[in-house]
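Colleague: My structure is below; once you've seen it, I'll send some questions.
The values are calculated or read from the model by the stated rules, or taken from the named source; none is laboratory data. It should be emphasised that the depicted structure is a prediction, and the values quoted were computed from it without experimental measurement. Every residue, glycine as well, gets a Cβ built from its backbone with ideal geometry; the counts of neighbours run over all protein chains shown.
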Protein chains: 2
Amino acid sequence: MQAFKNRLSQYAVMDDQIWALIDEFTTKTVTYRAGEDIVRVGEVAETLFIVNKGWAVRHRTLEDGRRQIVNFMLPGDIFDLQALACLEADHTVTSVTDVSILVIDTREFVQLLRTSGDISSSFWWAAVQEESILREQIVRLGRRSAKERIGHLLLELQRRMNGAMGTNHSQLPLPLTRVDLADALGLTPVHVSRTMSAMRHAGLIEETRGVILIDDRERLARLCHFNTDYLHLRRLDLSKFPMANDTSHAGAATNEKTNGKRAPTYRT
Amino acid sequence: MQAFKNRLSQYAVMDDQIWALIDEFTTKTVTYRAGEDIVRVGEVAETLFIVNKGWAVRHRTLEDGRRQIVNFMLPGDIFDLQALACLEADHTVTSVTDVSILVIDTREFVQLLRTSGDISSSFWWAAVQEESILREQIVRLGRRSAKERIGHLLLELQRRMNGAMGTNHSQLPLPLTRVDLADALGLTPVHVSRTMSAMRHAGLIEETRGVILIDDRERLARLCHFNTDYLHLRRLDLSKFPMANDTSHAGAATNEKTNGKRAPTYRT
DNA sequence: CGGAGGATTGAGAATCTTCAATAAACGTGG
DNA sequence: CCACGTTTATTGAAGATTCTCAATCCTCCG
């Protein structure tokens, strides 16, 4: 639960009253052992999940066995918001470690969203962040080298873990095998192993018993063009949020970065 | 406008009253010439857009010039729903062809969502579809060969264009250069050219003056493991949609696909 | 007709993969 | 706490895919 609260706190100032509301409906906890399916392809989701402890992955497997991990779900992450649309899942969610998960009834959740603009805005924010992470994964897979992919993913996971835990450690417990990393990064485990070994020799990372240590974060970030913007870590400005309160606050921040070509032609 | 209506109609039964509501607020149309930026990295979005005519791409460019197209926006597509959170864009949206776009004020839009459960559910559906397309792009980039990537993308675009236009053509006007395709598929233009040439020779596709013809859709789909599920083309069942109406309809479809291991341990 | 942007082709090189063998780490039961 | 089996990681060598660079060829358009 703490992870989830840390997460939401990143996005908005939440007061005790709101925490009370949230506590009220997050009563059911389910635990899975490492490697179990939490959501299966083709299932119609009727609940939302919040990762409480442990790691899970969203992934898809092609007919011939090739597997792609779409993204990682860390403590504090909420999924599937799409369950709100009662759709069949087009992918599977599987635990990587032993995992404990809060299960939330969809209808209850929608009710909660309606009671508080702050809560709904936080969830919107979380959903946006999730999409952002997907887009970053696309860039990583499409346009980065093996070394960059690995470094970039490690930095992302470190950043997200610190966010979830409210810490700022330079080490990252990484409960993933080379196969997992390979399936996330569009590489083979062999090549992941080789590349990480090269990165260790280059002094970019250290690794001991499943814990990654990134001594010089700056250097690694520079090497693999890591930029944290997509994680949307800044605090949410609720006054700008249209769901938050109905008082129509006129034109918010008008930031005009009008450099370069741009010539919209108004027609009506 | 028609494209957008086609799009929404795929998701839910919309009556004239709803169309009237929608027409009311979609008054402003903006046009861009091919290659102009519609949304820039770092800008704070305050409006939503619906592509009316033409193609646009969402993309990111790394410092050293490598570019990755994240996804394509076709007629009827709505973006950026994330503008509802008033965030800075972490990517750029650029027109590929001359494009006409409907601009919607965020606050007005939120009002509309509140007036009709059918509308809001349709938009949820659209947002879910968009995320699904991103996930599919991840699988495509991570685990597919060049030939599969190209075939798969062509099939997706064909499917989406037909959906937007309400048609079922086997030809697809493709206003993309080899560079565009390469940037979308994580390849080089040279290799895209070579691979498409091979596909033409293999009789998988034909191409004349920017129009792709897929004679044997089945064969191509088999070759590149194309499965349309992720496009969520089926009609939305509104009775299951929690936003649609508040009458708490008990437990919807309980589909129990309990095959294989799965052992959740209930704790509370 | 000439120019410009886009597509194609060739040759050599880099990155990443495959297959196979070995080594290290981990968990379990004695 | 150690021995043993199992899983995971590493390493080598050869091969496939994809990339780079550079030249050539279209096609469209004024």
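Colleague: Condition first: more than 16 Å from DNA strand C (Cβ to nearest atom) and either small (Gly, Ala, Ser) or modelled with pLDDT of 95 or more (or both). Now tell me which residues in the stretch B:159-180 satisfy that.
Modeller: B:Gly163, B:Ala164, B:Gly166, B:Ser170
Conditions tested, residue by residue: (1) hydroxyl-bearing (Ser, Thr, Tyr); (2) more than 19 Å from the chain's Cα centre (by Cα); (3) facing another protein chain (nearest Cβ under 8 Å).
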site: A:Asp23; (1), (2), (3): no, yes, no
site: A:Thr27; (1), (2), (3): yes, yes, yes
site: A:Val30; (1), (2), (3): no, yes, yes
site: A:Gly35; (1), (2), (3): no, yes, no
site: A:Val41; (1), (2), (3): no, yes, no
site: A:Thr47; (1), (2), (3): yes, no, no
site: A:Ala56; (1), (2), (3): no, no, no
site: A:Arg60; (1), (2), (3): no, no, yes
site: A:Asp64; (1), (2), (3): no, yes, yes
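Colleague: Here's something else I'd like to know. Of the numbered conditions (1) assigned to a strand (DSSP E or B); (2) aliphatic (A, V, I, L, M); (3) over 18 Å from B:Leu176 (Cβ atoms), B:Leu84 satisfies every one except a single condition; which is it?
Modeller: So B:Leu84 meets the others, but not (1).
Colleague: In the stretch A:95-122, which residues are more than 9 Å from every other protein chain (Cβ to nearest Cβ), crowded, with 21+ Cβ neighbours inside 10 Å and of a type outside the set (A, V, I, L, M)?
Modeller: Answer for the stretch A:95-122, where residues must be more than 9 Å from every other protein chain (Cβ to nearest Cβ), crowded, with 21+ Cβ neighbours inside 10 Å and of a type outside the set (A, V, I, L, M): A:Ser95, A:Asp118, A:Ser122.
Colleague: Quick one: A:Asp183 ticks every box in (1) at pLDDT 90 or above; (2) in contact with an Asp or Glu (Cβ under 9 Å, 6 or more places away or on another chain); (3) surrounded by 19 or more Cβ atoms within 10 Å (Cβ to Cβ) bar one, so which box is it?
Modeller: Unmet for A:Asp183, out of (1) at pLDDT 90 or above; (2) in contact with an Asp or Glu (Cβ under 9 Å, 6 or more places away or on another chain); (3) surrounded by 19 or more Cβ atoms within 10 Å (Cβ to Cβ): (2).
Colleague: Would you say A:Glu156 is within 14 Å of chain B (Cβ to nearest Cβ), surrounded by fewer than 22 Cβ atoms within 10 Å (Cβ to Cβ) and away from DNA strand D (no atom under 14 Å from the Cβ)?
Modeller: Here the answer is yes, as A:Glu156 does meet what is asked.
Colleague: Now for a different question. Quick one: count up the residues across the stretch A:196-206 that are buried (at least 20 other Cβ atoms within 10 Å of the Cβ) and either within 13 Å of DNA strand C (Cβ to nearest atom) or under 19 Å from the mean Cα position of the chain (by Cα) (or both).
Modeller: 2
Colleague: Moving to a separate point now. Take the stretch A:175-195 and flag every residue that is among the hydrophobic types (A, V, I, L, M, F, W, C) and either farther than 16 Å from A:Gly210 by Cβ or more than 9 Å from DNA strand D (Cβ to nearest atom) (or both).
Modeller: Those that are among the hydrophobic types (A, V, I, L, M, F, W, C) and either farther than 16 Å from A:Gly210 by Cβ or more than 9 Å from DNA strand D (Cβ to nearest atom) (or both): A:Ala182, A:Ala184, A:Leu185, A:Leu187, A:Val190.
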